[in-house]
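S.K.: Here it is: the structure, laid out below.
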Amino acid sequence: MAGGKSETPVSLSDRELQIIDLVAAGLTNQEIAGKLEISKRTVDNHISNILTKTETENRVALVRWALQWGKVCLNDVNCCTLPKQIE
């Protein structure tokens, strides 16, 4: 898929949406793991599952997908309602 945009709705968990938001913010898997207090391997697994679900090939394509589908808000571009993080 050249454009990295799935044509069908994708069901993502709140945790997967959190991870997409952190990927879009430029964090590494290790940084995401530290921020969410989970293991890097768990982050790796989540990202692998997200890439499969969204039919994207890499992090850049994933961020493009997330912007196109309104899943992230970056610097007041494509601002949308994101799930509230439980603290």
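The values are calculated or read from the model by the stated rules, or taken from the named source; none is laboratory data. It should be emphasised that the depicted structure is a prediction, and the values quoted were computed from it without experimental measurement. The area values use the complete protein model at the heavy-atom level, side chains included, leaving out ligands, DNA and RNA. Shrake-Rupley method; radii C 1.70, N 1.55, O 1.52, S 1.80 Å.
S.K.: Kindly provide the set of residues from the stretch 37-67 that are open to solvent by less than 50 Å² (accessible area, probe 1.4 Å) and not in a helix (DSSP H, G or I), ordered by number.
M.R.: Those that are open to solvent by less than 50 Å² (accessible area, probe 1.4 Å) and not in a helix (DSSP H, G or I): Ile38, Thr56.
S.K.: Could you list, in sequence order, all residues of the stretch 33-87 that are hydrophobic (A, V, I, L, M, F, W, C), modelled with pLDDT of 95 or more and within 14 Å of Ile20 (Cα to Cα)?
M.R.: Ala33, Leu36, Val43, Ile47, Ile50, Leu51, Val60, Ala61, Leu62
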